[in-house]
1. Kindly state, to the nearest 0.05, the FRET efficiency for residue 258 paired with residue 109, given R0 = 51 Å and r defined as their beta-carbon distance.
2. Given the peptides 225-236, 150-161, 284-295, arrange them by the average over their residues of other C-beta atoms within 10 Å, most packed first.
3. Between helix 14-47 and the chain, what is the angle of the helix's C-alpha long axis to the longest principal axis, kept within 0 to 90° and rounded to the nearest 10?
4. Per residue of the stretch 134-150, in order, report the coupling 6.51 cos²θ - 1.76 cosθ + 1.60 (Karplus, θ = phi - 60°) as ³J(HN,Hα) in whole Hz, putting x for Gly and Pro.
5. If you bin the C-alpha pair distances of the stretch 161-303 every 5 Å from 0, what whole percents do you get?
6. Could the peptides 205-212, 169-176, 191-198 be put in order, highest first, of the mean number of other beta-carbon atoms found within 10 Å of their residues?
7. In units of 2.2 N^0.38 Å, what is the alpha-carbon radius of gyration of the stretch 3-302?
8. Karplus couplings for the stretch 206-211 from phi (6.51 cos²θ - 1.76 cosθ + 1.60, θ = phi - 60°), rounded to Hz, Gly and Pro as x?
Amino acid sequence: MSVEKELEGPDHGLVRTLKDLFAGAAGGVAQVLLGQPFDIVKVRLQTTQQYSSALDAATKIYKNEGPTAFYKGTLTPLIGIGACVSVQFGAFHYVRRAFEAQNTLKHSRPDLSYTQYYASGAFAGIANTVLSSPIEHIRIRLQTQPHGANRLYSGPIDCMKKLSAHQGVLKGLYRGTAVTYLREAQAYGVWFTTFEYLMNSDAKRNNIKRDQVSTLKVAFYGGLAGEALWIASYPFDVVKSKMQTDAFGEAQKYKSMRDCFGQVWRAEGMGGFWRGIGPTLLRAMPVSAGTFATVELTMRLIS
């Protein structure tokens with residue numbers, strides 16, 4: 001028996017998990033490079049009232065700050081989101097294989113129910129929050145800070161230090177983590193479930209194995225999963241963005257996640273929770289498509 005087989009075992013294995021993590025990291029890099037310009041427009045729309053639309057925001061950012069502004073704060077997500085997506089896929093597949101082992105013992109079939117797919121995705125989101133909450137907080141601060149000489153932070157490390165200095169690591173750097181847990185669990189539960197449903201349906205419809213689904217279809221199904229992710233979780237993301245761009249000290253506007261939800265509802269109504277959804281959905285299709293296609297292709301190459 002090979003060393004790889006010994007390490008993997010029938011269901012859980014170190015080599016298998018490392019492959020999942022590596023493929024996820026590759027998908028994360030693709031996600032950032034494709035999605036960063038859309039993301040900065042989304043965050044600006046969520047956190048300020050100075051733009052009338054996504055096109056207006058993109059035009060003004062380009063005119064006032066130049067084309068490089070669309071990649072403001074990219075270093076943090078390029079490193080961090082790669083790690084986050086790596087954790088997402090690693091955690092999802094680890095729990096999926098645990099469910100497969102359980103189902104095999106109970107029902108002599110490894111097939112997961114879609115409730116189990118959702119639970120696996122939600123677990124992946126929760127596991128990911130420890131990384132994603134501070135990474136996204138830093139990215140949002142860098143994306144929304146004044147341009148030029150009025151910059152508040154010289155880079156991600158300086159931003160991290162200053163956020164931690166205000167109210168400590170938990171209340172400063174990790175501000176908005178409670179709502180991030182809710183967003184990540186719902187978002188990735190829906191993301192993985194949608195993708196698995198579409199892939200399984202295609203394989204069954206065409207009487208082929210899952211790994212025989214074409215890369216083009218993998219990308220398309222991944223894109224649809226991305227749309228579902230944001231529709232299912234967007235209000236949580238709006239609250240997270242507002243909390244993570246709020247001031248510190250006496251100027252702080254939102255005292256808690258619940259307070260933020262209440263203030264948005266009173267000031268803007270239901271529409272306030274969907275501000276910026278247009279560019280987000282526009283971004284979701286290519287970004288999620290690129291993520292899943294990269295992960296699936298990487299897994300096929302290294303398996």
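Each reported figure results from applying straightforward, stated rules to the coordinates on display, with no laboratory input. Just so it is clear, the structure is predicted and the values come from calculations on it, not from any experiment. Every residue, glycine among them, receives a Cβ derived from its backbone with ideal geometry; neighbour counts consider all protein chains shown.
1. 0.75
2. By packing density, highest mean first, the sequence is 284-295, 225-236, 150-161.
3. Approximately 30 degrees, to the nearest ten.
4. The phi angles translate into x, 4, 5, 4, 4, 4, 5, 4, 5, 6, 9, 6, x, 8, x, 5, 8 Hz.
5. For the stretch 161-303, the binned pair fractions read 2, 10, 15, 16, 14, 12, 11, 8, 6, 4, 2, 0, 0 percent.
6. The packing order, highest mean first, is 191-198, 169-176, 205-212.
7. Normalised Cα radius of gyration, the stretch 3-302: 1.04.
8. 9, 6, 10, 6, 4, 6
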